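A quick write-up on the structure given underneath.
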Amino acid sequence: MTFWLVSGLMTAAAIVAVLWPLWRRNPEPASDTDLVIYRDQLAEIDRDLAQGGIAPAEAEAARIEVSRRLIAAADRAEKAASRAEADTSPAVRGTRTWRFACAAVLITLPFAASAFYLTIGSPGLPGQPLADRLARANAGAEDSDATTRIATLASMVKRVEAHLERNPDDGRGWEVVAPVYMQFGRHDDAVKAWRNAIRLLGASADRLGSLGEAMVTAAGGTVTPGAKAAFERALKIDREHLTASLYLGLAARQAGDGDEARRIWEGMLARAPDGAEWTSFVRHAIAALGDGPADAKTGTGEPASTPGPSPADARTGTDKPAGTPGPSPADAKTGTDKPAGTPGPSPAAELTSEQRDMARGMVERLAARLAENGSSVEDWLRLVRSYLVLGEPDKARSAASDARRALAGDASKLQRLDSGVKALGVEG
Amino acid sequence: MIPELGHYALVLALALALAQSTVPLIGVRRGDAALMEIARSTAIAQFAFAAVSFAALTASYVMSDFSVENVALNSHSAMPLLYKYTSVWGNHEGSMLLWVLILALFGALFAWFSSNVPLALRASALAAQGWVAAAFYLFILLTSNPFARLPAPPIEGLDLNPILQDIGLAIHPPLLYVGYVGFSMAFSFAVAALLIGRIDAAWARWARPWILTAWIFLTLGIAMGSYWAYYELGWGGWWFWDPVENASLMPWIAGTALLHSALVMEKRGALKVWTILLAILTFSLSLMGAFLVRSGVLTSVHTFATDPTRGVFILLILVVFVGGSLALFAWRAPMLKQGGLFAPISREGALVFNNLFLITACATVFVGTLYPLALEAVTGAKITVGAPFFNLTFGPLIVPVLLAAPFGPLLAWKRGDLLAVSQRLLAAAALAVIALIVTFIVQGRPVLAPLGIACGVFVIAGALTDVAERTGLFRTAPQVALRRAVRLPRSAWGAAFGHLALGVMLIGIIGESQWNTERIVAMKVGDKLALAGYDLSFDGAGQRQGPNYTELFATFTVRRDGKVLGVMEPSKRTFAHRDMSTTEAALKTRGFSQLYLSLGEVEPDGTVAVRAYYKPLVLLIWIGAILMAIGGAFSLSDRRLRVGAPRPAKARAKAALQPAE
Amino acid sequence: MTRKQRRFGLIAGSLAVLGAAVGLILYALTDSIVFFHSPTEVEEKNIKPGTRLRVGGLVSPGTVVKGEKLSVQFEVTDGNKAITVAYTGILPDLFREGQGVVAEGVLEQPGRFYADSVLAKHDENYMPREVADALKKQGYWKDDYDKKPQVPMAGVTGAAQ
């Protein structure tokens, strides 16, 4: 409420400022100001003369010149004064009308300003100084407020970072901080942290799997050769490692090898314990490969519900600390660690409606920008991905076909687009 | 809440600027004093709201409120407090807010201290100020809003660009902005004079303090920026003819010309139209500087963001204001009455000479800065116009200005005697010749150097001659001379200082550019390096932790003739959050000269690449600039510029009236 | 002198100064400007050895070879053609493999360039404009160069980025 009170006071102050001179008694227009200056110039000439700065003849000439200006100014002032006396009553009435008109317009101005502010500002949004957030976080961990939880994590990250700065060889510290980095979207840092953890604590399937996942996310969803190598090493240690298998399937699909992807994922299903939650997700991913020959291009796909372990869900999952807690190596085997693997409704359902509106606004801005200038493959893919996240497969498909049209002139871009779209499991 | 209040205050400031830009003009037209007075109250209130807005953004920075996008993008909670303040303007949005804050401040100061200015002139000038302010408020609110919010704020900000994490940033931009924006007052005065259709000597006296203020700050701002680049960028250069530097140099040159032509107008009522045009041009060049820097047309250290919408918006502002004011000028200027006559050889003539060369020199900088852009737009060829171009064009054009500087103040108004003045400058010329011969014998080397030093000595001695002449030094008893010196108008001191500073700066430039020694070597601990008579030994390297960076430093001991003079510690800072590093040069001052060390790469085997410079007389460059600003301050404090200020002046004017009538 | 004569004198004087300035500018423009070319353009335009120019592109990864006494050699590519740049001195802080760079110097022989100054980007988001254009021309523009710094966002906004 303080906000409305203070802004109300500010509005009032603005109104006072514009109307104040109208209330006040009119000041006498000071008309002789330039006379003062010329008189001073005359005095200065005398001073110069007295000090020997100028010759008497020059001083006389200068005095005449300034006097001439002085007289002209005095004449002007006199004329102005007599004119002001000449027109009195009718002008005053006119003046009054004008003043009322101006006052009327002026009063509306601050209100127009308020209206303008309401369209561009976020009036309800409180400030969130870091100190407050941290204080709130420390006060009670049971507080379910998302911001608070973020703040708790943040203070933790800070402590761990400070600790690692001093003891860069503490592998355990790197292992703790890495998943948190993923949650904060600091994917590159997560990659570094996992690398350090592996270097110091030795390679384990879980660590390698997480490293690979961080690399994939950092690369915007593409299973890079480095990530693939990490997953393959993980499988060497644990032949049935879940994350690694899942992403290797994705790698195969991104490479256009649908058969291999199907083989890997179906293998996972075959080994799955009863009731494992992740199976439905893998089934969807397989379905997205299509029934026909394993060429992804002919697949029918249900992109909305099964985007596969694509960057889109990887992001919504990992970026949102309010959602599933980060992948901890301990529960990796149960398959619940991976937000990307969360089955069920489209990821957007996890968002509050307010967040969804915001996201939609951003997506729309992106779409508008691309409609104007659609030369960036990455932006198009971002758009398609965003629609998938919002649970709008139709729009995703039409965005993909828009993208093809926009990039039609450029074969290499088109190729990159196609592989990207394929990776997202959208057919346009 | 705080950021939102700041946002709202900014919108209210826009509303007030709109009121300020229209209603007073109606008042002028109708002769209604009350409507004219609205200019004052709105100007002051507009400043108050701009200040609230700026304070709100600053508070958000200090409290690390990352729900403000601008803060999240440019700050970091671990930053030292000072940089939390300075990073407010270390980015595009915040710096534009600072820009309008200063603009509003100038308007408010003028509204407050202008009781001596006729009502109509004051109202029109404030209205013009209101137009500029309104345009920039709109620009900020529509394209560069510093109060954009993030509903889900990040935990940590992205940190300020490390290059900008320096005390130089705290000082350089605000000074520069006060300079740039201050010229808006000159612009507003010019537009007001055109609107009213009358301009006289009194106008120049009202406008001059504002022009002077802007000029002083711009001088200091450019000098600080140059010193900052010198020690922060790590390669010892102090002026690069970078387009952004040029963008600040052009208004400065035009402003210097304006200062001089306004003098003619104030004293003699001549050069009216030219002065008005210069006032418009000076501010136009300031605006163009903003356009070049903000639009991303040029990319350089100074470009915070490249965004076409912003560029288009600023271009629009530029076109409207420059085009509009020039059109107004073309329409109304012929109505202005021309003033006093003067002979070519006279103080006025000297000032015209100064204006002519300054403006031409400014034009060459303009061409050099914009030619690459124009060429690329037309032919697609990409070129760089660098120092050689400017040295070849700007240099020869500025030399006549330097040589003429001692003559100007000695010439009489209206009709001067060049021969007599030359005779009075004989001593100065003799000193210059001695300097020429001495430097030639001592240093020899590039012929340009002794000539430049001689020129500098001539300018300095000429400025001193002027003071000596006015006080009658050497001709009368010392006490008399001293008494006269005290009574000498402050503006005379100002002119002397300004011209003297020019000579000092020139000597610094010549010393640095002609005699500087540079060594770039790979060194290992224990290695020694001889540089211009100094011996530097590399004693060791180490690492330490700063608040938000790690620093690798190397320690050097400086000796001369076996005597230890001190230790120099150049370093490299690495900022983890941005994955960037900066070079921190180490400086050792010896008289006006400096030793300069900066580090390059460190090889795994412990070899460090070291840049070592000996820069003779380099400090004179900035000392010159500071002296110049001091000269400006002297002029500004001149009693006469305050004449006509309400009461005390009136009393004095009455006393002075008797001999006149 | 009459007023007219004076005015004529003033105008003539101004014109003389302006003329001198124009002369200086034209002379300086033919003599002291430096063209920017991408490695592809250097080859296509058959630029003669000995010409002073600026070359820009990305530093090809794995091509940086450091020699004795601060000499260094690396390849600059625009994705299509590459040119070898030799340089002696200290490389800028932000010189990295795979990043944008502009080198100014003299073409020694086709495909080999001796630089006397090397400029790198100023921060992680900055790309020399010429380099960006040259890369775009070759279709090798890496989009993340004009990406705005991303706030590490803890919310849904990541979806649209």
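The values are calculated or read from the model by the stated rules, or taken from the named source; none is laboratory data. Remember, predicted model here, so these are calculated numbers, not experimental data. For neighbour counting, all protein chains shown are included, and Cβ atoms are generated from backbone atoms with ideal geometry for every residue, glycine included. We work out accessible area using only protein heavy atoms, side chains counted, and drop any ligands, DNA or RNA first. Shrake-Rupley method; radii C 1.70, N 1.55, O 1.52, S 1.80 Å.
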Worksheet item: A:Ala349 fails exactly one of the following numbered conditions: (1) at pLDDT below 75; (2) open to solvent by less than 20 Å² (accessible area, probe 1.4 Å); (3) part of a helix (DSSP H, G or I). What is the number of that condition?
Response: (2)
Worksheet, complete the sentence: Just one listed residue, out of B:Leu595, B:Leu599, is within 11 Å of another protein chain (Cβ to nearest Cβ), at pLDDT 85 or above and surrounded by 21 or more Cβ atoms within 10 Å (Cβ to Cβ), and it is B:Leu599
Worksheet item: Among B:Gly462, B:Gly452, B:Gly456, which is in contact (Cβ under 8 Å) with a residue 60 or more places away in the chain and part of a helix (DSSP H, G or I)?
Response: B:Gly452
Discussion item. As an exercise: evaluate B:Val385 against (1) surrounded by fewer than 22 Cβ atoms within 10 Å (Cβ to Cβ); (2) facing another protein chain (nearest Cβ under 7 Å); (3) β-branched (Val, Ile, Thr) and give the number of the one condition it does not meet.
Written reply: (1)
Worksheet item: When the residues of region B:24-49 are filtered to those that are more than 15 Å from B:Gln129 (Cα to Cα) and of a type in the set (Lys, Arg), which remaining residue is farthest from the chain's Cα centre (by Cα)?
Response: B:Arg30
Response to the item:
The condition of being more than 14 Å from chain C (Cβ to nearest Cβ), modelled with pLDDT under 85 and over 19 Å from B:Ala290 (Cα atoms) holds, among B:Pro162, B:Pro80, only for B:Pro80
Discussion item. It is to be established whether one or more residues within region B:616-624 are more than 11 Å from chain C (Cβ to nearest Cβ), open to solvent by less than 10 Å² (accessible area, probe 1.4 Å) and in a loop (DSSP other than H, G, I, E, B).
Written reply: yes
Worksheet entry | Any hit, region B:410-418, residues being touching a residue at least 12 places away in the same chain (Cβ under 8 Å) and surrounded by fewer than 16 Cβ atoms within 10 Å (Cβ to Cβ) | yes
Worksheet item: In region B:31-66, what count of residues is obtained for those that are surrounded by fewer than 24 Cβ atoms within 10 Å (Cβ to Cβ) and not in a helix (DSSP H, G or I)?
Response: 2
Worksheet item: In this structure, is C:Leu24 more than 23 Å from B:Lys382 (Cα to Cα), modelled with pLDDT of 85 or more and not assigned by TED's automatic domain parsing to the domain that holds C:Leu107?
Response: no
Discussion item. Looking at the structure I just gave you, is B:Ala104 in the same structural domain as B:Gln46 (by TED's automatic domain parsing), in contact (Cβ under 8 Å) with a residue 40 or more places away in the chain, more than 30 Å from B:Pro80 (Cα to Cα) and open to solvent by less than 10 Å² (accessible area, probe 1.4 Å)?
Written reply: no
Worksheet item: What number of residues within region B:233-247 satisfy the criterion of being open to solvent by less than 10 Å² (accessible area, probe 1.4 Å) and in a helix (DSSP H, G or I)?
Response: 2
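For (1) in contact with a strand residue (DSSP E or B) (Cβ under 9 Å, 6 or more places away or on another chain); (2) under 25 Å from B:Arg611 (Cα atoms), each residue gets a yes or a no:
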{"site": "C:Arg7", "(1), (2)": "no, no"}
{"site": "C:Leu58", "(1), (2)": "yes, no"}
{"site": "C:Ile83", "(1), (2)": "yes, no"}
{"site": "C:Phe95", "(1), (2)": "yes, yes"}
{"site": "C:Val106", "(1), (2)": "yes, yes"}
{"site": "C:Gln109", "(1), (2)": "no, no"}
Worksheet item: Would you call B:Thr282 within 17 Å of B:Val181 (Cβ to Cβ), touching a Leu at 6+ places or on another chain (Cβ under 7 Å) and not aliphatic (A, V, I, L, M)?
Response: yes
Worksheet item: Can you tell me which of A:Ala251, A:Ala285, A:Ala261 is open to solvent by less than 50 Å² (accessible area, probe 1.4 Å), at pLDDT below 80 and out of contact with any Asp or Glu (no Cβ under 8 Å at 6 or more places or on another chain)?
Response: A:Ala285
Worksheet, complete the sentence: Within region B:502-552, residues over 30 Å from A:Arg166 (Cα atoms), open to solvent by 40 Å² or more (accessible area, probe 1.4 Å) and within 14 Å of chain C (Cβ to nearest Cβ) come out as B:Glu518, B:Arg519, B:Ile520, B:Ala522, B:Asp527
Discussion item. Can you pull out every residue in region A:78-121 that is modelled with pLDDT under 85, open to solvent by less than 40 Å² (accessible area, probe 1.4 Å) and among the polar types (S, T, N, Q)?
Written reply: A:Thr95
Practice prompt. Please find, within region C:1-21, the residue that is nearest to the other protein chains (Cβ to nearest Cβ) out of those that are β-branched (Val, Ile, Thr) and open to solvent by less than 80 Å² (accessible area, probe 1.4 Å).
Written response: C:Val17
Discussion item. Given the criterion within 14 Å of B:Leu101 (Cβ to Cβ) and at the interface with chain A (Cβ under 9 Å from one of its Cβ atoms), identify the matching residue among B:Phe54, B:Phe49.
Written reply: B:Phe49
Item to complete: Looking for whichever is surrounded by fewer than 24 Cβ atoms within 10 Å (Cβ to Cβ), within 14 Å of chain C (Cβ to nearest Cβ), touching a residue at least 60 places away in the same chain (Cβ under 8 Å) and in contact with a helix residue (DSSP H, G or I) (Cβ under 6 Å, 6 or more places away or on another chain) here; the options are B:Ala148, B:Ala170, B:Ala135. Which one fits?
Response: B:Ala148
Worksheet entry | Which listed residue is in contact (Cβ under 8 Å) with a residue 24 or more places away in the chain, surrounded by fewer than 24 Cβ atoms within 10 Å (Cβ to Cβ), under 23 Å from B:Ala201 (Cβ atoms) and away from chain C (no Cβ under 14 Å), from B:Ser114, B:Ser124 | B:Ser114
Discussion item. Among the residues of region C:30-58, what is the count of those that are at the interface with another protein chain (Cβ under 7 Å from one of its Cβ atoms) and either of a type in the set (D, E, K, R) or open to solvent by 20 Å² or more (accessible area, probe 1.4 Å) (or both)?
Written reply: 3
